[in-house]
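Here's the structure we're looking at; comments come further down.
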């Protein structure tokens, strides 16, 4: 059964994928969907509760919260997508380079990664923001710089794993070019892992962007951003607790969907060996049979 | 064992040098001239002459490596420079900000250890029954919430709605509860999962089967499972201490907790580079030392690794 077929049978995974697709589309077509201009100030309408006119109410400056959440997709979600894409891509590129080159290049890349990894990523991000100054693009750069080394190491170790496989050795004996081997054997081998990690990384970057914006170090007003909306909600916490619900729930839903999708992808990937669908697998795991199957498989 | 410890300590020296060097480079990569900033925050118009004399005063015209050496020597002697903004020594500011952060991190660690161990054990006892699935689902949901949102929700419910706890600031022991709980929630899910899975895995080990066959009491068998499961969790707890201290940034800012995270964010807003530099240096050193200690403790605990280390 192919990977996509298996994923299709996983209802939860598909639901999450659809949800994230809808979120992306809503972000792209935000100007068509949004009922109001997200930066339009109407102070006489401030802090309204949800109504037909304002589906999620208005904030402390009378801006439509629904429109702001929608346009927030463009900042939070799309910038996170950009950061994740570059991080994963550079991780994969350097990881394969390190895993496939011998000697000096590998040593330089790996030692450099070790040095980068000796900073905890949270501190690294703060340090980079501290130097470059607040701003959304700087957060994206900080996220990429602080995470690529980790992915490089991870990809490096899985490339090493695939290099010792017999079919790769066989191709080498046949004098296949390294590029051919990478394209034909290594990249397909690691692609599963990479996809799973990119969904998890995406969630991580969204949290990072929104928490830094919450602190005021990220997106600068009046651009709508989920974390910054929560920061604005904090100021009216005592009188209008509703303000913190729309942006908060949005972040929560997106993160949960990304995490579930990551799990589903992993399951769909791991079931290469035994032909159970993810649903059947979950049932088996529930019955306590799953572990036996896994151990049977690894013993072989 | 002694040899291993010496070898590990010797191994951290180049790493420390490298990290301090990186911190120094990072801070020197900034686009703006520190002499100009130092003048601006004191509201002196930066004319060319004044900037030049300030550059000499701050020693900015020396070659790069000499500046690095000077900075390192100063840092070792505990002089981390003076803040551009309020002209106080950075060391003084750090000394005021570190204890609250350590208090917060300590309280958080206690909450994490207590809840992750107890929930992990409950989950493993009720493996795959509704109790287990409910608890895991709940923890999963908590982990997906951004910490600043949980902080706001908790603050609203417990401080505003119920009025039980103070909203923010650091006055009295009750004010630590909300920040510590908020901070611990992000870490909880990893540890619960870790302990639960370790427990479940260990119950299937041969030595547990043997213990059961010997007819040992249920509680003794459980203790054997637990003490074997806790080891890898211990490493993870140790590793999370620097993460905890670094992770206080958001929580400290929500609850106006006067710690180093807040100090650092304030410094970033003011482009107060000496403070940022000191923060980075301190965090990097802390991270390396914690990793070193954890590695040594793990080798001391685990007999298999001890043999390998020899």
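The values are calculated or read from the model by the stated rules, or taken from the named source; none is laboratory data. Note that the structure is a prediction, hence the values are computed from the model and not measured. Positions of Cβ are backbone-derived with ideal geometry, glycine not excepted, and every protein chain shown enters the neighbour counts.
What the table shows:
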{"read-out": "Condition check for residue B:117: in contact with a helix residue (DSSP H, G or I) (Cβ under 8 Å, 6 or more places away or on another chain), part of a helix (DSSP H, G or I) and closer than 28 Å to residue A:212 by Cα", "value": "no"}
{"read-out": "Among residues of segment B:65-89, those that are loosely packed, with under 14 Cβ neighbours inside 10 Å and either at pLDDT below 70 or under 25 Å from residue B:264 (Cα atoms) (or both), counted", "value": "11"}
{"read-out": "Yes/no for residue B:262 being within 14 Å of chain A (Cβ to nearest Cβ) and closer than 19 Å to residue A:128 by Cα", "value": "yes"}
{"read-out": "Boolean, residue A:77 is more than 30 Å from residue A:229 (Cβ to Cβ) and touching a helix residue (DSSP H, G or I) at 6+ places or on another chain (Cβ under 7 Å)", "value": "no"}
{"read-out": "Failed item, numbered, when residue B:175 is tested on (1) in contact with a helix residue (DSSP H, G or I) (Cβ under 9 Å, 6 or more places away or on another chain); (2) surrounded by 18 or more Cβ atoms within 10 Å (Cβ to Cβ)", "value": "(1)"}
{"read-out": "Residues that are more than 10 Å from chain A (Cβ to nearest Cβ) and assigned to a helix (DSSP H, G or I), drawn from segment B:265-280", "value": "B:266, B:274, B:278"}
{"read-out": "Segment B:154-167 - residue that is more than 10 Å from every other protein chain (Cβ to nearest Cβ) and surrounded by fewer than 17 Cβ atoms within 10 Å (Cβ to Cβ) and, of those, farthest from residue A:239 (Cα to Cα)", "value": "B:164"}
{"read-out": "Residues (part of a loop (DSSP other than H, G, I, E, B) and without any contact (Cβ under 8 Å) to a residue 24 or more places away in the chain) located in segment A:132-164", "value": "A:133, A:164"}
{"read-out": "Residue B:240 within 14 Å of chain A (Cβ to nearest Cβ), in a loop (DSSP other than H, G, I, E, B) and touching a helix residue (DSSP H, G or I) at 6+ places or on another chain (Cβ under 7 Å)", "value": "no"}
{"read-out": "Residue list for segment B:90-109, restricted to those being in contact (Cβ under 8 Å) with a residue 12 or more places away in the chain and over 11 Å from the mean Cα position of the chain (by Cα)", "value": "B:90, B:91, B:93, B:94, B:96, B:97, B:98, B:100, B:103, B:107"}
{"read-out": "Within segment B:125-153, considering residues that are in contact (Cβ under 8 Å) with a residue 12 or more places away in the chain and more than 11 Å from chain A (Cβ to nearest Cβ), the one farthest from residue B:225 (Cα to Cα)", "value": "B:139"}
{"read-out": "Residue list for segment A:117-149, restricted to those being buried (at least 24 other Cβ atoms within 10 Å of the Cβ) and more than 9 Å from chain B (Cβ to nearest Cβ)", "value": "A:125, A:139, A:142, A:143, A:147, A:149"}
{"read-out": "Sole exception among (1) at pLDDT 75 or above; (2) within 14 Å of another protein chain (Cβ to nearest Cβ) for residue B:3, by number", "value": "(2)"}
{"read-out": "Segment B:65-79: number of residues that are in contact with a strand residue (DSSP E or B) (Cβ under 8 Å, 6 or more places away or on another chain) and in contact (Cβ under 8 Å) with a residue 40 or more places away in the chain", "value": "0"}
{"read-out": "Residues of segment A:208-241 satisfying the condition of being part of a loop (DSSP other than H, G, I, E, B), buried (at least 22 other Cβ atoms within 10 Å of the Cβ) and within 10 Å of chain B (Cβ to nearest Cβ)", "value": "A:215, A:217"}
{"read-out": "Sole exception among (1) closer than 20 Å to residue A:259 by Cβ; (2) in contact with a helix residue (DSSP H, G or I) (Cβ under 6 Å, 6 or more places away or on another chain); (3) at pLDDT below 80 for residue A:11, by number", "value": "(2)"}
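Condition check ((1) modelled with pLDDT of 85 or more; (2) more than 10 Å from chain B (Cβ to nearest Cβ); (3) assigned to a loop (DSSP other than H, G, I, E, B); (4) surrounded by fewer than 16 Cβ atoms within 10 Å (Cβ to Cβ)) across all residues:
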position	(1), (2), (3), (4)
A:243	no, no, no, no
A:246	no, yes, no, no
A:279	no, yes, no, yes
A:297	no, yes, no, yes
